[in-house]
Amino acid sequence: MFNIPDVFLFIIIFILIVLLVLKSKQLKKISSKSEDLDTVLNAINLPIFYKDKEGNFKGCNKSFNTSFGNFKKQAIKELNQFKTSQTKEIDLIYDNDITKATIVNFTNYLNGSIGVLFDTSEMKSNKAKIIKQKENLELILKGSREGYWEWEVKNDKLILSKKAKEILGYLEHEKAPDNIKNWLNLIESYDIASTNEAIAAHLAGKSPYIDVEHRLKTSLQEVWVNFRGKGIYGPNNEITKIYGTIRDISLQKTELTKIKRQRDLFMTFMDNLPALAFMKNQEGTYLYINSFFQKLLGFKPWENKKIKDLFNETVSKNIEKSDREAFYEGIFKHEELIPNEEGVNKLFETYKFPIENDSEKVLCGFGLDITKEKVYQDKINLYAKVFNTTTEGMIITDDKANIVSVNSAFTKLTGYSEKDVLGKKPSIRKSFKHSSAFYQHMWKDLLTHGSWTGEMFNKNKDGTIIPERMSINVVLNDKKQIINYVGIFQNIQEQKNIEGKLKKMAHYDLLTNLPNRTLFYDRLDKAIQRSDREDSMLSIIFIDLDDFKQINDTQGHSNGDIVLATISKRLSHVVRETDTIARLGGDEFVVILEKVNQLTDVSTIAQKIIEEIGKPIKLSTNESCTISGSLGISTYPNQTKNKKELLEFADNAMYEAKNTGKCCYIFYTPS
C-alpha cells in the first residue's frame, strides 16, 4: 500500500493527466489574448507565490493572503529558503495561528519561479483528506509578445509594426512584406491553404474574425505565429480594412508538443499501473478506465456504461454511495469490494476526487488491491490483541537487545510503563542474584538453539525481587539474520511459596516447626561428612518425655500439643544455631551436636535440656504442668562409625535413663 506522500503525489500526477485529457481539444488552439498573471493565479483555490529571475518575492494570490492573514510576512520569510526547483515539506503558521505541515512545490521557469502550497496536516493526522484539486499551471510569459498589423483590402496595402516585423524575421531597417500576397509567401506550404480559407471566410462574412495559426519559412528554426484580425465594413457592406495582431507562439507550440508527449507517456504509465484508475461523469457514466480495471472486468465493454451495467446490485449501490460521498461530502478514501471476472471479491482501497472543468464535473479515482494486506492487517490486529490481553508479561527487543515494545501485562507485573523501558536493555530489571556464568549460559543457548527457557530472579520498579519463569526466542528475517528477541515471562512467586510449603511439610514437623525424621537423617549424613572431613567429634542426644501419655489423657491432646511446642522452643535456646534439633515423632526428640571438644561439654548441654524441660508449662486452661525427660547420648566416631548404630546407641542409653529413674541423662556404654 502507498503511504500518504506517495498517494498525494500520485493524485497530483493524475489530476494533471485528467486536465490534459479534458483540455486536449482546447490545447490544439492557443489563445492569443494576454492574460494577467494575478487574475489567473487568483482563480486558483491554492496558496501560490511567485518570484522574479533574481529570486525576489513578487507577489501571491488571494488564497495565499486568506490562508496566512496576519502571518503572511512570517510565511514569506520561511518561503525565501526556496531557490531552486524542489518539493519540500515545511511547517508554516496559518491565519488561525495553527502550525500546519505544508508541502511546497517550487518550480523555476524561464522568467522566474512559482511556488504552490499544499496543506498536508489533515493527511498527517490519518483522517485522509485528499486535496480537492491541483490545476495544471503554466506560467504565462511576462509582458505581451504581440505585433500589430493593418491591411487595406482594396489597395492590398499591408502595414506592420516593429514587433510584427521582428516576429516575421525582419530587422527594423529591412524591407518587410507590404501586401497580403507577400505575407502569404512567408507561410509554410502546409499552412497556406488553411490561412487563405480563414481570410476568405472572414471577407465573405462567414466568420466574425480571422484566427489562424501557421508556420513561417523565414527561419531554419520552426516558428509558429498566431494571426488574428477583424474587418471594418465600408458603406457597401464590404470589409475595407482589417486590423489585427500577430504573436509568436513557437514556445507555446513547443510546450504543447511536450505536454502531449508527457500526456501520452503518463497515459501509458496509467495503463500499465498495477492499480485500477478511472474517470466518470456526474451521472456515473465511465469516461475512462485503465488496463488493470479492464482486466478486472474481464475486458467486457465499458464505454458509455454506468456502474449498474458493469456490477451487480449490491456492488453498484456501494460504489454509487462512495461516489456521492466523494462528490458532495468531501470523503475521498473508501474501502470497496469489487468482484473480478471470476466473481471473486477483491478489497480495494479507493481514492476518489471530483475535478471541475468549464463544461462538466468529473469524478476521478484510483484503487489499490489491499485484499492480502487486509488479511495481514487482521492477523496483526489479532496478534496485537493477544499481545495486550495475555496475562503473561511480554517484551520485544531489537537485534541489539534494546526494548522496542512491552505489553500491558509487563506493566502490571513489573510496575514499569512502556515509556520507562523503551530503548533500554532488559537488564534494567537485573536482580544481581545470578552469576555472570548464568547469563553466559543463557545467551549461549539462545544464540545456538534460538531459544532459552528457565527461571530467574528479576527486580520490579519498586525494588521487589521476584522469581519468574522466562522463555526467550529469537526472530529471524528471510536471510536468517536476527531482527528481534521476544521474551515471555510470568511471576512464579506464588508457585514458589507453595513449593516452599510443600517442601517444609516434607521436611519439617508441622506442630513444632522442627526438622522431621527425613530431614534429620539428611542433616546427620552431612554432619558425619563434616566430622570425617574435619576429624572432629559429634554427639547424638536422644530425648523422650517421661509420662507424656498421662498429660494427653488428663489434659487433652490440644494441651499435649502445647507441651510439645513449648519444649521444642526451649530446646532451641539450649543448643547452638549450628546444631540440629529434630522431632522424630510423638514425644521423641533428637539433638545433633557437632564439633564436640570433650564429653563434659555434652554433659553440660544435657543437663540444661533436663532443666528446660522441667520448667512449668502453662496450658490452655491457665493451669500449669511439669514434665521431665530422659536422655540417651552416643558419640561419633569413637563409639561407632555407623549412622544406624549411632542412633540405636543413643536410644538404648535413653531407655537405660528411664530405667534408672527418669529425669536424667546417660552416655551409652557397651554392655
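Checking the cross-link pairs LYS51/LYS163; LYS308/LYS361; LYS430/LYS503; LYS385/LYS480; LYS372/LYS419; LYS260/LYS374 against a 29 Å limit on the alpha carbon distance flags LYS372/LYS419; LYS260/LYS374 as lying beyond it.
Taken as Cα centroids, region 539-603 and region 52-75 sit 100 Å apart, rounded to the nearest whole angstrom. Give the calculated FRET efficiency between ASP398 and ASP535 to the nearest 0.05, with a Förster radius of 60 Å applied to their Cβ-Cβ distance. Once the sixth-power term is evaluated, E becomes 0.50. Compared with the dominant Cα axis of the chain, that is its longest principal axis, helix 4-22 is turned about 20°. Considering all different alpha carbon pairs of the chain, the Kirkwood hydrodynamic radius works out to 36.5 Å. Note on SER603 and GLU238: their simple-model spin labels are 16.8 nm apart, each label 7 Å out from Cα toward Cβ.
Normalising the Debye intensity of region 458-497 to I(0), with uniform scatterers on Cα atoms only, and taking log10 at q = 0.14 Å⁻¹ returns -0.47. For region 600-646, GluC sites (Glu not before Pro) are listed when DSSP marks them as loop and at most 14 other Cβ atoms sit within 10 Å of their Cβ; the list is GLU623. For region 392-456, the list of chymotrypsin sites (Phe, Trp or Tyr not before Pro) that fall in a loop by DSSP and count at most 16 other C-beta atoms within 10 angstrom reads PHE432. Can you list which of the GluC sites (Glu not before Pro) found in region 315-352 are DSSP loop residues with at most 10 other C-beta atoms within 10 Å? Listed in order of number, the matching sites are GLU342. How would region 243-311 be classified by its alpha-carbon gyration tensor: rounded, prolate or oblate, with rounded meaning a/c under 1.5 and the a/b versus b/c comparison settling the rest? Since a/c reaches 1.5 but b/c is at least a/b, the shape of region 243-311 is classed as oblate. Averaged over its residues, the chain has an accessible area of 56 Å² per residue, based on protein heavy atoms and a 1.4 Å probe.
Here region 320-425 exposes an accessible surface that is 52 percent carbon and sulfur, computed with a 1.4 Å probe and the other protein chains kept in place. In the chain, the DSSP-assigned H stretches of four residues or longer account for a calculated mean residue ellipticity at 222 nm of -11500 deg cm²/dmol, using -39500 (n - 2.57) per stretch and the full residue count as denominator. How would region 347-494 be classified by its alpha-carbon gyration tensor: rounded, prolate or oblate, with rounded meaning a/c under 1.5 and the a/b versus b/c comparison settling the rest? Prolate shape, in that a/c is at least 1.5 and a/b is the bigger ratio. Within region 535-671, how many lysine pairs that are 8 or more places apart, or on different chains, have C-alpha atoms less than 21 Å apart? Taking the Cα cut-off of 21 Å, the pair count is 17. Each part reduced to its alpha carbon centroid, region 271-343 and region 374-396 end up 35 Å apart. Take every pair of alpha-carbon atoms less than 8 Å apart whose residues are at least six positions apart; their mean separation over the length of the chain yields a relative contact order of 6 percent.
The values are calculated or read from the model by the stated rules, or taken from the named source; none is laboratory data. On a predicted model such as this, the values are computed, not experimentally measured, just so you know. Positions of Cβ are generated from backbone atoms using ideal geometry, with glycine treated the same way; all protein chains shown enter the neighbour counts. Surface accessibility is based on the protein's heavy atoms, side chains included, excluding ligands, DNA and RNA. Shrake-Rupley method; radii C 1.70, N 1.55, O 1.52, S 1.80 Å.
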